[in-house]
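For reference, the structure is listed below as structure tokens.
The values are calculated or read from the model by the stated rules, or taken from the named source; none is laboratory data. All values reported here derive from a predicted model rather than from experimental measurement. Quick reminder, even Gly has a Cβ in these numbers, built from the backbone with ideal geometry, and neighbours come from all protein chains shown.
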Amino acid sequence: MKKFLSASTKPIIICGPCSAESREQVLKSAEEVKESGIEWFRAGLWKPRTRPHSFEGVGEEGISWLNEVQKMYSLKVCTEVANPYHVELCLKNNIDALWIGARSAANPFTVQEIAESLRGVKDISVMVKNPTTPDVNLWLGDIERIEKQGINDIIAVHRGFNLQNNLPYRQSPLWRIPLELKQRRKDLKIICDASHIAGKSELVKEIAKCSASIGFNGLMIEAHSNPKKAKTDAQQQLYTKELKSFLNEINFPLQNKGQEDCNLQMYREEINDIDENICILMAERMNLSKKIAQIKIEKNMTVFQADRWKEVMNRTLERGEQAGLSKDFLQEIYNIIHQESVRLQENIINSKNGK
Ligand code: PEP
Ligand code: MN
């Protein structure tokens, strides 16, 4: 059996629209993908939408368009499957690769059904996106379910995780999760769906560059001949015409290298993630402090409450010690946080009092 994806020695680049919308749109986008020197074309036929009544894909009709793309442009084509019926249609019509989307990947029953419908199939490549929650075991389990049915051309696709706060992106990259998968399954290739992480076309490049710099094996990028008119994910799709220059800027220096070569960059990305979260949490903490200022005004309380401050500090030092942090360090940081909190509350109270 030919392993199209997992045996590739070059970075795996898969581009195309979020959704197949019309024959013309598919062929035009494919023509421009081909002109960019790309070998793989993607287009969703069945679209998992968060809410009903929005465009849910053209379905079965689009398969013949993908077949035309294969013939006219010698591109390999792939689409998302979410149930055994989708799989059956794709297999019957020689679609080159399938992917399991993030919502399906979150449900082991769904993945098991899809996996069983692939039992013993030759010449199919399967991509497994990460589930929407950052659970590396669930993702790994999805891959194992497909492997157990005898499919041996499987790659993983990192498309980000849906946390409470994903800003500035649509999904949080949490690089440590795909890298943990990579560490646990050194044989497995991982590509990055930078479009669904970024959520905005102008942010796709920084995510793509970051994934390449930490040893990912390729990219899935949403691109449309006319993104402004796209029926789904219009904000994040690139122009297919722009793909060539976009890809020229992405280097894959660590492609096919071991984990050790990626560690420095990986740890730096994780630190960036954590620093962003520290800022977000700090802002949330200060906002709560401001709300408390209002209550203190109503109850006629002083800003500084010695007992409460003692309680906060003790609790923090206890947690910090359990986490292996030095007492001096935490005390210093918490004194600064407390000072800022007091300053904000005093500002509110003073402006209320017309000072
Ligand atoms: C997609 O690739 O079009 C898609 C719906 O992706 P995800 O499952 O990652 O949301
Ligand atoms: Mn999409």
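Figure legend. Inter-residue proximity from the range 145-156: first residues under 10 Å from residue 119 (Cα atoms), second residues loosely packed, with under 15 Cβ neighbours inside 10 Å and modelled with pLDDT of 95 or more, beta-carbon distance below 6 Å, spacing 6+ or different chains. Indicated pairs: 149/119. Of the residues making up the range 275-306, those that are among the β-branched types (Val, Ile, Thr) and either loosely packed, with under 11 Cβ neighbours inside 10 Å or under 26 Å from residue 350 (Cβ atoms) (or both) are 278, 292, 295, 297, 302, 303. Being more than 16 Å from ligand 1 (Cβ to nearest atom) and crowded, with 16+ Cβ neighbours inside 10 Å holds for only one residue in 177, 190, 214, and it is 214.
Every test in (1) at pLDDT 95 or above; (2) away from ligand 1 (no atom under 16 Å from the Cβ) is passed by residue 240 save one, and that test is (2). Listed by position, the helices (runs of 4 or more DSSP H) contained in the range 148-242 that have at least 3 residues being within 30 Å of residue 55 (Cβ to Cβ) and in contact with a helix residue (DSSP H, G or I) (Cβ under 9 Å, 6 or more places away or on another chain) are 194-198, 201-213.
For the range 113-131, name all the residues that are charged (D, E, K, R), away from ligand 2 (no atom under 16 Å from the Cβ) and at pLDDT 95 or above. 113, 116, 119, listed by residue number.
Restricting 6, 64, 104 to those that are small (Gly, Ala, Ser), away from ligand 2 (no atom under 15 Å from the Cβ), in a helix (DSSP H, G or I) and farther than 20 Å from residue 228 by Cα reduces the list to 64. Within the range 3-23, if we keep just the residues that are closer than 16 Å to residue 125 by Cα and among the hydroxyl-bearing types (Ser, Thr, Tyr), the residue that is surrounded by the fewest Cβ atoms within 10 Å (Cβ to Cβ) turns out to be 9.
For the range 14-53, taking the residues that are away from ligand 1 (no atom under 13 Å from the Cβ) and at pLDDT below 95, the one that is farthest from residue 99 (Cα to Cα) is identified as 53. Within the range 37-61, residues that are within 19 Å of residue 220 (Cα to Cα) and within 14 Å of ligand 2 (Cβ to nearest atom) sit with their Cβ atoms under 7 Å from residues that are assigned to a strand (DSSP E or B) and aliphatic (A, V, I, L, M), at 6+ positions apart or across chains, in these pairs: 42/14; 42/220.
Every condition in (1) on the phi > 0 side of the Ramachandran plot; (2) within 16 Å of ligand 2 (Cβ to nearest atom); (3) hydrophobic (A, V, I, L, M, F, W, C) is met by residue 174 except one, and the failing one is (2).
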